Amino acid sequence: MHSVVAFTDTYLPTVNGVTYTVESWRDRWRARGGRMDVVYPNAGGYEPRDGEYPIRSLPFPFYEGFRFGLPRIPRAVRNVDIVHAHTPFALGLGGLRLARREEVPFVASYHTPSSEYASYLTSRDRLEDGIERLSESYERWFLGQTAAVVVPSEATKRDLRSRVGDDVAFRVIPNGVDIDRFRPVDATAFRERHDLTDADTLVGYTGRHGYEKCLGDIVDAVAGLDATVVFGGDGPARDHIEARARTRGVDARFLGFLDRDELPAFYSSLDAFLFPSPVETQGLVALEANACGTPVVGVDCGALSDTIEEGVTGYHYDLGDIEGFRTAIGRTLDEVETLERRCTDRREAMSVEHAVDRLAEVYDAVTGTG
């Protein structure tokens, strides 16, 4: 098995899709007898395990909770076969430096378009457009340094190829879900703990509350439906969403960050998971919900066009079509028992084990050992 070091701008104790992917891939790679070290920003509140190297970091002033790691290479990280960057920012550059120094293949995973952060840097449209163009130019350069770019969906591959070109070797590997953890469970205790027992029909979302995710559309779509909407997670858009719910008279409950152990019960408590974000590279939470037997109503845009199987694991609606969103929610609720059964039938195909099998193939290919 190859010796790998992963560089990531987000890791424990922060919980999000990137953290989950890096940690789950690392654990399974090690279980197979390989080595996968992780270099990440030190945010405090977490005791590193063997092979985890926190480095000095700085807060990102425009996005609470996000930190930039400095482009350092821990002295203990050496004798590696592959460097795998999960970020194009400073820590990704540290990974690129290590790969060049050790003369080993450099692989990058594409999780989030860097241009999406432009809206957090300025509210001026002209300046935001300039930052987006600069970000995309930098992204093309960074990805051009790789032996392979791992993307979580065909939609992301198509989008990147249109912007980066054909010189980059793209490899599609869905991030995968821990189906031992994410499975249908009895959500009674969860509902009681979070005062949700009075709600007959629950729909909701969990994840980062970013403006780019269009979460206010959930409130608008649920308005007029006999349903309670519940939000897990947090982020800069939360106050805006709460105010919107009050204005629209929507019964919305905000739970804040949920412990990862609570997520299977959260998903299992819902009749439908709502996902209006047009900027997903895969939409891992949609697969987690499906693995728990919960259908997803998502925008027919970006990766969600592929992640959600129409009429099988949920339904789509067109971006910006609030009435279409509301109709898709209603249809999902009408067919919920059938959709739940179809979701659980597809659990094996979603597993992280399949993802790591594909990852091993990529590592073999870039090192010429496959």
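All of the numbers you see were taken from the coordinates with simple rules; none came from a lab. Quick caveat, the model's predicted, so the values are computed rather than measured. Cβ sites come from the backbone with ideal geometry, for glycine too, and all protein chains shown count toward neighbours.
Averaging over all projection directions, find the projected area of the Cα convex hull of the chain and quote it in nm² with one decimal place.
17.9
Can you bin the range 299-370 into rounded, prolate or oblate? Criterion: square roots of the alpha carbon gyration tensor eigenvalues sorted a ≥ b ≥ c, rounded for a/c under 1.5, prolate for a/b above b/c, oblate for the rest. Before the final figure, lay out each step's value.
Values: a/c = 6.29, a/b = 2.04, b/c = 3.09.
It is oblate, given that a/c is not under 1.5 and a/b is not larger than b/c.
How large is the convex hull of the C-alpha atoms of the range 167-299 per residue, in Å³?
Working: hull volume 15.3 nm³, N = 133.
In the range 167-299, the Cα hull volume divided by residue count equals 115 Å³.
How do Tyr40, Tyr46 line up, fewest other C-beta atoms within 10 Å first?
Lowest count first: Tyr46, Tyr40.
Could you grab the relative contact order for the chain? Cα pairs under 8 Å, six or more apart, rounded to a whole percent.
On the way: 727 pairs, mean separation 52.3, N = 370.
Averaging sequence separation for qualifying contacts and normalising by length gives 14 percent for the chain.
Modelled label-to-label distance, Phe254 and Thr327, 7 Å Cα→beta-carbon offset: nm?
3.2
Which whole-Hz ³J(HN,Hα) couplings does the range 21-36 yield from phi under the Karplus relation 6.51 cos²θ - 1.76 cosθ + 1.60, θ = phi - 60°, glycine and proline marked x?
Values per residue, Gly and Pro as x: 5, 4, 5, 5, 5, 4, 4, 6, 5, 5, 5, 8, x, x, 10, 9 Hz.
Please give the calculated 222 nm ellipticity per residue for the chain, where each DSSP H segment of at least 4 residues contributes -39500 (n - 2.57) and the sum is spread over every residue; nearest 500 deg cm²/dmol?
Taken over the chain, the calculation gives -11500 deg cm²/dmol.
Just need the relative contact order of the range 188-350 here, percent rounded to a whole number, with Cα pairs under 8 Å and 6+ apart.
21
Restricting attention to the range 2-42, which trypsin sites (Lys or Arg not before Pro) occupy a DSSP loop and are surrounded by at most 10 other Cβ atoms within 10 Å?
Numbers: sites: Arg26, Arg28, Arg30, Arg32, Arg35; in loops: Arg32.
Qualifying residues, ordered by number: none.
Per-residue HN-Hα couplings for the range 296-308, Karplus 6.51 cos²θ - 1.76 cosθ + 1.60 at θ = phi - 60°, whole Hz, x for Gly and Pro?
Going residue by residue, I get 10, 9, x, 5, 7, 7, x, 5, 5, 4, 9, 4, 8 Hz, with x marking Gly and Pro.
Can you pull the Rg over Rh of the range 217-370, Cα-only, Kirkwood?
Radius of gyration relative to Kirkwood radius: 1.03.
Would you pull out the residues with amide H under 5 Å of Thr206's amide H, same chain only if 5 or more places away, H placed 1.01 Å from N?
Gly232
Enumerate the amide H contacts of Ser109 below 5 Å, restricted to partners 5 or more residues apart or on another chain; note that Pro and chain-start residues carry no placed amide H.
Ala85, His86, Thr87, Val150
Mind listing the long-range amide H neighbours of Met36? Cut-off is under 5 Å, sequence gap 5 or more, other chains count too, H placed in the peptide plane at 1.01 Å from N.
Correct list: Val4.
What's the center-to-center distance, using Cα atoms, between the range 187-223 and the range 274-349 in Å?
First find each Cα centre; the distance between them is then 15 Å.
Beta carbons within 10 angstrom, averaged per residue: use that to sort the peptides 276-286, 170-180, highest first. Intermediate values should be presented prior to the final figure.
On the way: 276-286: 24.0, 170-180: 20.3.
Going from most to least packed, we get 276-286, 170-180.
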